1. Would you mind calculating the gained length between Ala75 and Val5 on full extension (0.36 nm times residue separation, minus the Cα-Cα distance), in nm to one decimal?
2. Find how much the distance from Ser113 to Asp63 grows on full extension, using 0.36 nm per residue of separation minus their present alpha carbon separation; answer in nm with one decimal.
Amino acid sequence: CVCGVLRAHILQSELEENAAAAAAATDEYRIFNDLESQQRSLKKKFRPNVDFVVKPPPPSLEDISTFYRDVFTRAQMETDCIIMSLIYVERLVKVTDGKLRPHQSNWRSILFSCMVLSSKVWDDMSM
């Protein structure tokens, strides 16, 4: 269910995105661009003179669920962190006025960060 909501955010971001807003958001929040980071490292190794970005399709629900399940299981998170991580994703979108939203290029970084934050807050509250 949480992964479905996250995928809906990603698809909505892709539909509403226009070139000017994307350029402004990309510059300010470039640290969250997984795709660019991956391609930069590949470009250094294999094709230093090629300058292009291949835009992958949006992640499937299975991709998001698998990523979420793997992080959740390996980090031994509490079940309450599931919904808390979604709340943090939505707060992130709200606080940045929609400039930083989950896209196919950054959803892993955003989701992972929000999962770690929710786990930290939950662990601190339980002490």
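Laboratory data are not the source of any read-out in this text; all were calculated from the coordinates shown. Note that this is a predicted model, so its numbers are computed, not measured.
1. Working: separation 70, 0.36 × 70 = 25.20 nm, distance 2.18 nm.
Using 0.36 nm per residue and subtracting the Cα-Cα distance, I get 23.0 nm.
2. Values: separation 50, 0.36 × 50 = 18.00 nm, distance 1.72 nm.
Taking 0.36 nm per residue and subtracting the Cα distance, the gain is 16.3 nm.
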